[in-house]
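What follows is a short report on a single structure.
Coordinate-derived values only; no laboratory data. In this text, all values refer to a predicted model and were calculated from it rather than measured experimentally. Heads up, the Cβs are rebuilt from the backbone with ideal geometry, glycines too, and the neighbour counts pull from every protein chain shown.
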Amino acid sequence: MIRKTLALGVAVIGLCVASSATFASPTCTKEPEAKWLSEAAMKQKISDMGYKNIKVFKKTNTGCYEIYGYAADGRKAEVYFNPVNGEIVENNVD
Amino acid sequence: MSTSLVQINAPPAQRVQVWDPIVRIFHWTVVLGVLLDNFMLEGGKTPHRYVGYVVAAALGVRIVWGFIGSPHARFADFLVSPRTMMSHLVAALMRRDRRYIGHNPAGAAMILALMALLAVTCLTGWMQGLDSFWGVAWVQEAHAVCANLIVAMATLHVAAALAESVFHRENLVVSMITGSKRPATGTDIDHAGPARRG
């Protein structure tokens, strides 16, 4: 019984570790950074979309521009952008 | 080793109640919460948060219970000096450790470590929803590191509990469900804490 429990435990942990990979940031583009919008251009687009009070602006290692800021209605927003065309890839609003 | 440990355990009439319902509910609430938030519910989303709040509440109750709860639930019952813990660990590695009815010294150290990590994980998770820490990298990193450490420590904890179940011929997983254990006999120690050692 102990061995079965142990084997089951190892299997569950393995499955969990394998599935946790799905929580990484989204992939926004595979294009090289030479084709990306400049940070200034991206920031302008983000501002034009209505996001304000941007607290964090960064590049992710999955090919995105990512911000932590606030949506036009004041709710917190964590948004991933495609850096080539500036479109929203994932929008997490509180 | 084909004999079931459930069969080795003494019949119910000869067993003593060790883990009270709050200890057991806390234990399995944390198990479920850690599994859900680490592997199933995406960070930042509402379900992940509410699971975190439930774990934080359970942790708060358990810490209070560590001072006013049933004898084996109290910190004073199972916390020992680092020296005592080390000698227990050395003895356990040589398979010469005595059997404890309450938490053994290594288990006590694991409880403290996991409680501290849970507290930091809950705190940094909650902080990420505050305006003042919105998007702050060190809070996110502390949350992730502590969450990963919990998984690593819990894996060690499970391995140790299973090993001890084999060596002391007592199914500790079932005991954490039913709350009952085989009574102390021979060199067994009922309470590890110095205040209660007879």
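Within the protein assembly as shown, how many lysine pairs that are 8 or more places apart, or on different chains, have C-alpha atoms less than 23 Å apart?
27
Place a point 7 Å from the Cα of residue A:62 along the Cα-to-Cβ direction; which residues of region B:30-50 have their backbone N under 20 Å from it?
B:36-49
Mind checking the mean number of beta-carbon atoms from other chains within 10 Å of the Cβ atoms in B:34-42?
Across the residues of B:34-42, the mean count of other-chain Cβ atoms within 10 Å is 3.
Helix-derived [θ] at 222 nm for chain B: sum -39500 (n - 2.57) over DSSP H runs of at least 4, divide by residue count, nearest 500?
Value at 222 nm, helices only: -19500 deg cm²/dmol.
Quick one: A:27, B:121, fewest Cβ neighbours within 10 Å first, how do they rank?
A:27, B:121
Calculated FRET efficiency, residue B:184 and residue A:47, Cβ-Cβ r, R0 51 Å, to nearest 0.05?
Between residue B:184 and residue A:47 the formula returns 0.15.
Which trypsin sites (Lys or Arg not before Pro) does region B:48-102 hold that lie in a coil by DSSP with at most 15 other beta carbons within 10 Å?
Loop-located and lightly packed - B:95, B:96, B:98.
Which value results when the Cα radius of gyration for chain B is divided by 2.2 N^0.38 Å?
1.12
I need B:180, A:47 ordered by Cβ neighbour count within 10 Å, fewest first.
A:47, B:180
Toward the positive end of the charge dipole of the protein assembly as shown, about the Cα centre and with charges on Cβ (Lys, Arg +1; Asp, Glu -1), which of A:70, B:76, A:29 goes farthest?
Positive-end residue among those listed: B:76.
When a footprinting reagent is the concern and you count Cβ atoms within 10 Å, what order do A:48, B:20, B:37 take, fewest first?
A:48, B:20, B:37
Modelled label-to-label distance, residue A:91 and residue B:89, 7 Å Cα→beta-carbon offset: nm?
5.2
Whole-Å semi-axes of the protein assembly as shown's equivalent ellipsoid, largest first, each the root of 5 times a Cα gyration tensor eigenvalue?
48, 20, 15
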